[in-house]
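Asker: Dumping the structure here so I can ask a few things about it.
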Amino acid sequence: MKSVLVLYHSNSGHTARIARRIWETVIAEGNQADLMCVMEADREGLDWNKYDLVIVGAPVFYGKFSRQLVAFVNRYKSVLDAKATSFFSVSVVARTPAKCTPEGNVYTRKFLQGNPWKPKDAHCFAGKVDYPNWGWLDTKMIQMIMKMTKGPTEPTAIIDYTDWKDVEDYARHCLTLEA
Ligand SMILES: Cc1cc2nc3c(=O)[nH]c(=O)nc-3n(C[C@H](O)[C@H](O)[C@H](O)COP(=O)(O)O)c2cc1C
């Protein structure tokens, strides 16, 4: 039995849903697991000794991952380096197969290359388009990205691109990782 931490950042809740599905799958496989958003972990602190495996996830916003999450994992780099770790990114460009791999997804590739903390494993998930629930400016900006990448631009579009079976497979894959 492994003891697992699923740590995430989420702006509008979709990465939180993915993190929760990973957490549920890990538990369903007979392991102990905690699910925590980085804001809570940063504020309350963590007992890192509890965990063999740490899975970290974040969405892409304007080409970047949450500054708070990035600072947090870098602060605990030496602790994380001694554990099995995996990082998953969530972005709408990952809806195409070419951009759904850590090598093909430019945000994930840059993060893996340039960031001081280097996870031992990485995965990309396609996220959600949710124009009605985004602000006017954000909607306009993402519509522009979508126009360039031949995605949906209708202002009423709500599309979940996440492959939920892949999320569960990823959770099981993470359980096989070694420190
Ligand atoms: C303001 C904003 C900026 C975004 N920027 C990007 C981006 O640069 N590239 C991309 O692929 N997806 C981008 N997205 C899509 C999000 O990564 C996607 O909607 C994700 O599912 C959001 O996850 P969350 O609900 O956990 O915050 C953006 C979304 C918003 C609202």
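Asker: Here is a check on your reading of the model: is Lys120 surrounded by fewer than 18 Cβ atoms within 10 Å (Cβ to Cβ), away from the ligand (no atom under 14 Å from the Cβ), within 21 Å of Thr176 (Cβ to Cβ) and under 15 Å from the mean Cα position of the chain (by Cα)?
Answerer: Considered against the rule, which asks whether it is surrounded by fewer than 18 Cβ atoms within 10 Å (Cβ to Cβ), away from the ligand (no atom under 14 Å from the Cβ), within 21 Å of Thr176 (Cβ to Cβ) and under 15 Å from the mean Cα position of the chain (by Cα), Lys120 comes out as yes.
Asker: I've got another one for you. Just need a number here: residues in the stretch 14-52 that are free of Cβ contacts under 8 Å to residues at least 60 places away in the same chain and not in a helix (DSSP H, G or I).
Answerer: Number satisfying all stated conditions: 11.
Each row is one residue, and each column tells you yes or no for (1) within 24 Å of Lys128 (Cα to Cα); (2) among the hydroxyl-bearing types (Ser, Thr, Tyr).
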position: Tyr8; (1), (2): yes, yes
position: Glu40; (1), (2): yes, no
position: Leu53; (1), (2): no, no
position: Gly57; (1), (2): yes, no
position: Phe65; (1), (2): yes, no
position: Gln68; (1), (2): yes, no
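Asker: Which residue out of Thr139, Thr156, Thr108 is among the polar types (S, T, N, Q), in contact with a His (Cβ under 9 Å, 6 or more places away or on another chain) and either at pLDDT 95 or above or assigned to a loop (DSSP other than H, G, I, E, B) (or both)?
Answerer: None of the others qualify; the one that does is Thr108.
Asker: Here's something else I'd like to know. Determine which single condition Ile55 fails, assuming it passes every other condition in (1) more than 9 Å from the ligand (Cβ to nearest atom); (2) within 13 Å of the chain's Cα centre (by Cα); (3) assigned to a helix (DSSP H, G or I).
Answerer: Checking Ile55 against (1) more than 9 Å from the ligand (Cβ to nearest atom); (2) within 13 Å of the chain's Cα centre (by Cα); (3) assigned to a helix (DSSP H, G or I), the one that fails is (3).
Asker: Something else now. Working carefully through the options Lys140, Lys64, find the one that is out of contact with any helix residue (DSSP H, G or I) (no Cβ under 8 Å at 6 or more places or on another chain), of a type outside the set (A, V, I, L, M) and within 14 Å of the ligand (Cβ to nearest atom).
Answerer: On the way: Lys64 fails: out of contact with any helix residue (DSSP H, G or I) (no Cβ under 8 Å at 6 or more places or on another chain).
Just a single option satisfies the conditions, and that option is Lys140.
Asker: Out of the stretch 123-137, which residues are within 22 Å of Ile18 (Cα to Cα) and within 13 Å of the ligand (Cβ to nearest atom)?
Answerer: From the stretch 123-137, those within 22 Å of Ile18 (Cα to Cα) are 123-134; that's our starting set.
Selection gives Cys124, Phe125, Ala126, Gly127, Lys128, Val129, Asp130, Tyr131, Pro132, Asn133, Trp134.
Asker: Still on this structure, please answer the following. With the requirement that a residue be touching a Pro at 6+ places or on another chain (Cβ under 7 Å) and basic (Lys, Arg), what does the stretch 108-144 give you?
Answerer: Once the filter is applied, which keeps residues that are touching a Pro at 6+ places or on another chain (Cβ under 7 Å) and basic (Lys, Arg), the stretch 108-144 yields only Arg109.
Asker: Moving to a separate point now. Given the condition in the same structural domain as Leu7 (by TED's automatic domain parsing), touching a Ser or Thr at 6+ places or on another chain (Cβ under 8 Å) and assigned to a strand (DSSP E or B), answer yes or no: does some residue in the stretch 114-122 qualify?
Answerer: Within the stretch 114-122, one or more residues are in the same structural domain as Leu7 (by TED's automatic domain parsing), touching a Ser or Thr at 6+ places or on another chain (Cβ under 8 Å) and assigned to a strand (DSSP E or B).
Asker: Contact list please: Cβ distance under 7 Å, first residue in the stretch 58-69 and modelled with pLDDT of 95 or more and part of a helix (DSSP H, G or I), second residue surrounded by 13 or more Cβ atoms within 10 Å (Cβ to Cβ) and of a type outside the set (A, V, I, L, M, F, W, C), pairs at least six apart or on different chains.
Answerer: Between residues of the stretch 58-69 that are modelled with pLDDT of 95 or more and part of a helix (DSSP H, G or I) and residues that are surrounded by 13 or more Cβ atoms within 10 Å (Cβ to Cβ) and of a type outside the set (A, V, I, L, M, F, W, C), the close pairs are Gln68/His9; Gln68/Asp42; Leu69/His9.
The values are calculated or read from the model by the stated rules, or taken from the named source; none is laboratory data. It should be emphasised that the depicted structure is a prediction, and the values quoted were computed from it without experimental measurement. Neighbour counts run over all protein chains shown; Cβ positions are idealised from the backbone, glycine included.
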